[in-house]
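The values are calculated or read from the model by the stated rules, or taken from the named source; none is laboratory data. Not measured: the values here are computed from a predicted model. Reconstructed Cβ throughout: ideal geometry from the backbone, glycine too, with neighbour counts over all protein chains shown.
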Amino acid sequence: MIKCQNCNNTIDTDSVFCKYCGSKIESEERKYTILKCNQCQAENDLDADFCKHCGSNDLIKEEQTDFEFLAKYARFF
Ligand SMILES: [Zn+2]
Ligand SMILES: [Zn+2]
């Protein structure tokens, strides 16, 4: 169980949104880092030297939220 940072109620660990106040639960586990191409915005593997999509070496690290996880649960809200 985790605590909602907004209303302090105890909610399930796998909750995406607090069921009491509806605020979004930020969890480190749902964040991951990608290597994003600054030219074509394609996502690349973290160890890539060049963009697999356009071949550019202008790659930037970016922190992402696991949107697939959110999408899976989005229909419940
Ligand atoms: Zn809450
Ligand atoms: Zn690219």
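Being within 15 Å of ligand 2 (Cβ to nearest atom), more than 15 Å from Gln64 (Cβ to Cβ), part of a loop (DSSP other than H, G, I, E, B) and out of contact with any Pro (no Cβ under 9 Å at 6 or more places or on another chain) is true for just one of Cys7, Cys40. Which residue is that?
So the residue among Cys7, Cys40 that is within 15 Å of ligand 2 (Cβ to nearest atom), more than 15 Å from Gln64 (Cβ to Cβ), part of a loop (DSSP other than H, G, I, E, B) and out of contact with any Pro (no Cβ under 9 Å at 6 or more places or on another chain) is Cys40.
In segment 23-33, is there at least one residue being more than 14 Å from ligand 2 (Cβ to nearest atom) and modelled with pLDDT of 90 or more?
yes
Starting from segment 1-21, keep only residues that are among the acidic types (Asp, Glu), then list their pairs with residues that are more than 9 Å from ligand 1 (Cβ to nearest atom) whose Cβ atoms are within a distance under 8 Å, requiring at least 6 positions of separation or different chains.
Here the result reads Asp12/Met1; Asp12/Ile2, each pair linking segment 1-21 to a residue that is more than 9 Å from ligand 1 (Cβ to nearest atom).
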